[in-house]
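Report on the structure given below.
Each reported figure results from applying straightforward, stated rules to the coordinates on display, with no laboratory input. Quick caveat, the model's predicted, so the values are computed rather than measured. Positions of Cβ are backbone-derived with ideal geometry, glycine not excepted, and every protein chain shown enters the neighbour counts.
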Amino acid sequence: MHDETLLRIENAGRVFGGGRTLLGKPKRGVHAVQDVSIEVRRGETLGVVGESGCGKSTLARMIVGLDRPTAGRIIFEGRDLVAEAGRDLRRLSREVQYVFQDPVASLNPRKTVRTILEAPLIHLLELGREQRKARLTELMDAVNLAPEFLDRYPHEFSGGQAQRIGIARALAADPKLIVLDEPVSALDVSVQAQVLNILDGLKQRFGLTYVFISHDLSVVESVSDRVAVMYFGRIVEIGSGRAVFGEPRHPYTHLLLNSAPAPGRRSLAAEDAETELPDPYDPPPGCSFYARCPRRSDTCNAVVPALEGVAGADGQMAACFHPHGGR
Amino acid sequence: MAEVAAAPPARRSSGRPDGLRLLLNNSLATGGLIVFAVIVLVALAAPFLPLPDPDATEPVNRLLRPLEAGHLLGTDALGRDILSRLIWGTRVSLAVGISATLIAAFFGSLIGLVAGYVGGRVDTLLMRGIDMVMAFPYILLALAIVAVLGPGLLNALYAIAVVNIPFFARNIRGISLGVSRREFVDAARLSGKSNAQILFIEVLPNVLPVIIITMSTTIGWMILETAGLSFLGLGAQPPQADLGSMLGDGRKILFSAPHVSIIPGLMIFALVMSINLLGDGVRDVLDPRLKSGALTRPVARTAVMRDAQPPMQRTDGAVLDVRGLRTEFHIGGEIYKAVGGVDLHVKRGECLGIVGESGSGKSVTAMSIMGLVPTPPGRIVGGTAMLGDEDLFAASDERIRQLRGAAVSHVFQDPLSTLHPLFTVGDQLIEAIQAHQPLSKAETSAKAADLLKLVRIPNPAERLNAYPHELSGGMRQRVCIAMALANDARIIIADEPTTALDVTVQAQVLSLLDALRKERDTGILFITHDFGVVSAICDRVAVMYAGKFVETGSTEDILSAPAHPYTAKLIDCVPVLGQPERRLDAIAGRPPVVNRLPVGCAFAERCPRAQDDCRAAPIPLVDFAPGRAVRCIHPLVGEVADA
């Protein structure tokens, strides 16, 4: 069931700023996302991990049409989304939906839950009054909330409940793909588990495909079939969750895994304070991880390594000249 | 799950009183409301009152003084009854002022909304147009408009409305800009709403309070401007009365018959003053920034109102020894027991972690120690906090000031909001040092550089001149740690110091803190929600739930064999790296609200092991093994031991 490609991102890039001033002087731009190519297969959960500023949220916003790539194409079931979203976002929104990071900020404080959930039913599905009523009951049931909640305002909800409403809204239009942008990072740990379990249940029940974006490695590991690791706007490693977390090839993935705290883990690998993200206005000519990398060589600082298949690993790819061997 | 079965609890009135009651609490605004209501009622009732015709001249009775028979407020130069003219004139002034406000609010808000929502070129174009209108002195512009349209009340109304459009447009544009970038606007877009729908259905309701605030503070001003134009003879034309033209009529005879101009003058004063007081009151009620409590200024130290002095007990070798700490928040008649009896102690070089979810009281515990909980509404109602031989809750304000940042220092979650954006890192470090140590300038600078070196910041001397925004998040947190160490703190209270940081940076900061506390023998009270972080740095852990410690013990013991069901659940519900197959065991239900705590165990409602005796009486925290204590009468380890 995981074979058919649902979404294909081809060499997508997004530059913020740039262009020219009134006098024709070029302005500096920041490459938030650079040359990203990913395939998302029907029915899978693709996890995207990375630290703040790595471009993962920009990637998410491009997939749902809230932002346009400045380079490359995004193809959903054979349709070019970029061109389509420019003309009519509604067609895209029927297929691809989004769950926001901050559950409370993503709900309009002056609307009841009913009004919020009815919007996609009215504008995307054009349902009549009776159908909407039935669908609302169905949605509230799907995210495990009592129907009485429909006539309340967002501020009356806890974070976990608000996020479930956000999920219900994404679900309302009956999409095929849901992009989840840090859906549990604003929640308390006990609530986080509730939401993750609900997401898992919904995926089985409605045959959904997820793109799950998070900075939390353990959360991504627990939900994803495949994982992409992003650093400084590029994908540095991609492969099955088991492979990427079990036998990481890229030194950055290694560093991430060794830095993550876990109950019972006494010492964390810590780098020197010198190591920092490169200046986005002045990106390094070669690999952006060069300055922090323990395995660097001169080639790394000269050429950007391409994302290539790793020898001996099925489907696992890493953008590194000196990848780690299997563990 | 539980939530579907159990109907949501009935809606209770929130702790905050509603808008009208808040307004009536403000005596100035209430006064304004009463005066304004009386004026409006009288003006509205003008046709029904037994008043003479305001325009009927009677030269025989000209310039009668007030309180003459038949003319309560006297007559003017043409013998017209001033009372009648005053009431009819107020009616006209009010009508013009209010309609001008409505017109200006409508067009101004529309321009502001569109400019803020669309942004880009449209914004630039609209706002530069508005700037051009603002570049002229308003009265000059109004004069010019009336000059073109010709004098008359209606034209004056247009002129005043136009002149005030920029005021609304600029105010609303700012708010609209902020609201339009909020996530729910993106969400509405993905729900299929068109731009017009988003603008008027999503954005407008959130901007409305600001429009109303702006209107309530503008009406008075508009009435004044109308009066001004009429005074100059450009507004109301004779014989029609309005407050400004009455004032103008009386001007020439100000000395011979002062009442002719003083009476409408007083009316303008009463009207505008009452509207402004009312408007300020409305603003205070509606403005979200003021709602969050900006009007109540907390004092520099939490109020201590202990009912009884608890007996002194000391733990050997403890730098900080807190006993029976209780902190409460008193908000609108409700008492929130945020911390309900906490005992903790930290030894030299030791790291004690307090773990809990949001609302468990872990931060309030930490803030209470140095009196950083805002008062009002917070107050410490019980317990002692011994720093060495000194009870911090009994110490003088001056003594607490000396200790803050010296013997006890803090590291907070967000280094960007902790550091002052306008001063360099060096200035702030030097300030922290000089507040407690009388060193010369050169010595202080050298010490500041040493501190940066201590927290492993490369090129410390150079970095002293950097502003906080020039540093990365990890570097900023290092600076905060350096400040905490500036005066040889005996104990550092670190409140989620790595939560805002990326994992790789978090690892750096944690290992730095761990190394420093060993090098300098400093105790750390470490607040976090993450058991992974606890493992990395804490020697001992206290798990907090609903304002109380439910379990304490060494990190290894608690992680390997949690005794309290809550601790066990809290560990189980977090995914663990390297164990993707593990099922996440969510904790059903929600924590109790701390203003309505149950008598017995606060966790009983969510606990799978709960029995009737759990809910019957308060559960004490009992030691069950060396260095371990649990607040549970059916603990997880008890059974194992019995078997």
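Per-residue ellipticity at 222 nm from helix content only, as computed over the protein assembly as shown with -39500 (n - 2.57) for each DSSP H run of at least four residues, stands at -13000 deg cm²/dmol. Once the Cα-Cα distance is subtracted from the 0.36 nm per residue extended length, the B:Phe106 to B:Arg306 segment shows a gain of 66.5 nm. In this simple spin-label approximation, A:Arg28 and B:Val60 carry label points 7 Å from Cα along the Cα→Cβ vector, and these lie 9.0 nm apart. Between 0 and 90 degrees, the angle of helix B:473-485 with respect to the longest Cα principal axis of chain B falls at about 70 degrees. Here the scattering of the protein assembly as shown is modelled by Debye summation over its C-alpha atoms, one equal scatterer each and no solvent; at q = 0.04, 0.05, 0.07 Å⁻¹ the log10 of I(q)/I(0) is -0.26, -0.40, -0.76. Label zone of A:Ser37 (point 7 Å out along Cα→Cβ, amide N under 20 Å): in the stretch A:221-240 this covers A:226-240.
From the square roots a ≥ b ≥ c of the eigenvalues of the alpha-carbon gyration tensor of chain B, which class results: rounded (a/c under 1.5), prolate (a/b over b/c), or oblate? Verdict is prolate for chain B. Here the protein assembly as shown is treated with +1 on each Lys and Arg Cβ and -1 on each Asp and Glu Cβ, and its dipole about the Cα centre works out to around 1420 debye. Take the Cβ atoms of B:Thr499 and A:Arg295, set R0 to 22 Å, and the FRET efficiency comes out at 0.10. For chain A, modelled as a GNM whose springs connect Cα atoms under 10 angstrom apart, the maximal fluctuation among A:Arg73, A:Arg129, A:Arg249 occurs at A:Arg129. For the cross-link pairs B:Lys518/B:Lys548; A:Lys176/A:Lys203; B:Lys362/B:Lys548; B:Lys441/B:Lys518, the ones whose C-alpha atoms lie over 18 Å apart are B:Lys518/B:Lys548; B:Lys441/B:Lys518.
Between the alpha-carbon centers of the stretch A:48-123 and the stretch B:199-224, tell me the distance in whole angstrom. Value for the Cα centre distance between the two parts: 32 Å. With the charge dipole of the protein assembly as shown set up from +1 on Lys and Arg Cβ and -1 on Asp and Glu Cβ about the Cα centre, the Cα lying farthest toward the positive end among the listed residues A:Val40, B:Leu559, B:Pro598 is that of A:Val40. Taking all pairs of different Cα atoms in the stretch B:299-400, averaging 1/r and flipping that mean, what Kirkwood radius in angstroms comes out? Result for the stretch B:299-400 stands at 13.9 Å.
With Cβ to Cβ distances under 12 Å as the rule, what net charge do the other residues near A:Arg132 carry (K, R +1; D, E -1)? Net of charged neighbours comes to 0. When the charge dipole of the protein assembly as shown is built from unit charges on Cβ atoms (+1 for Lys and Arg, -1 for Asp and Glu) and taken about the Cα centre, the candidate among A:Ala85, A:Val113, B:Ala449 whose Cα reaches farthest toward its positive end is A:Ala85.
Could you please rank B:Tyr467, A:Tyr252, B:Tyr336, A:Tyr281, placing first whichever residue has the fewest other Cβ atoms within 10 Å of its Cβ?
Details: B:Tyr467 16, A:Tyr252 26, B:Tyr336 21, A:Tyr281 10.
Sorted ascending by nearby Cβ count, the order is A:Tyr281, B:Tyr467, B:Tyr336, A:Tyr252.
Using only the Cα atoms of chain A, build the gyration tensor, take square roots of its eigenvalues as a ≥ b ≥ c, and label the shape rounded, prolate or oblate: rounded if a/c is under 1.5, else prolate if a/b is larger than b/c, else oblate. It comes out prolate by the Cα gyration axes. How would the stretch A:52-198 be classified by its alpha-carbon gyration tensor: rounded, prolate or oblate, with rounded meaning a/c under 1.5 and the a/b versus b/c comparison settling the rest? Taking the square roots of the gyration eigenvalues as a ≥ b ≥ c, the stretch A:52-198 is oblate.
The residues neighbouring B:Val574, those whose beta-carbon lies less than 11 Å from its own, together hold a net charge of -3 under the Lys/Arg +1, Asp/Glu -1 convention. Relative to the current alpha-carbon distance between B:Ile34 and B:Asp612, full extension at 0.36 nm per residue lengthens the span by 202.3 nm. Take the Cβ atoms of B:Arg314 and A:Tyr153, set R0 to 45 Å, and the FRET efficiency comes out at 0.30. Residues B:Val541, B:Val285 in ascending order of nearby Cβ atoms (within 10 Å, fewest first): B:Val285, B:Val541. Taking the C-alpha atoms only, the angle from helix B:425-434 to the longest principal axis of chain B is near 70 degrees. Legend: ranking of residues B:Met305, B:Met215, B:Met273 from fewest to most surrounding C-beta atoms inside 10 Å; resulting order B:Met305, B:Met273, B:Met215. If one computes the Cα centroid of the stretch B:373-450 and of the stretch A:285-315, what distance in Å separates the two points? Using only Cα atoms, the two centres lie 46 Å from each other.
Computed about its Cα centre, the charge dipole of the stretch B:299-400 is approximately 80 debye, with only Lys, Arg, Asp and Glu carrying charge at their Cβ. A Förster radius of 35 Å combined with the Cβ-Cβ distance from B:Leu149 to B:Arg181 puts the calculated FRET efficiency at roughly 0.30. Overall, the ratio between the Cα radius of gyration of the stretch B:405-538 and 2.2 N^0.38 Å, rounded to two decimals, is 0.98. Relative contact order for chain A: 19 percent, from Cα pairs under 8 Å spaced at least 6 residues apart, divided by residue count. Between A:Ala311 and A:Asn11, the distance separating the two model label sites (each 7 Å from Cα on the Cα→Cβ line) works out to 2.8 nm. Each Lys or Arg adds one and each Asp or Glu subtracts one; over the other residues with Cβ under 11 Å from the Cβ of B:Asp81, this totals -3. Seen from a random direction on average, the alpha-carbon convex hull of the stretch B:343-388 projects onto 3.9 square nanometres.
In degrees between 0 and 90, to the nearest 10, how far off the longest principal axis of chain A does helix A:189-206 point, with axes built from Cα atoms? That works out to roughly 70 degrees. If the segment from A:Arg205 to A:Ala134 were pulled out straight at 0.36 nm per residue, it would be longer than the present Cα-Cα gap by 23.8 nm.
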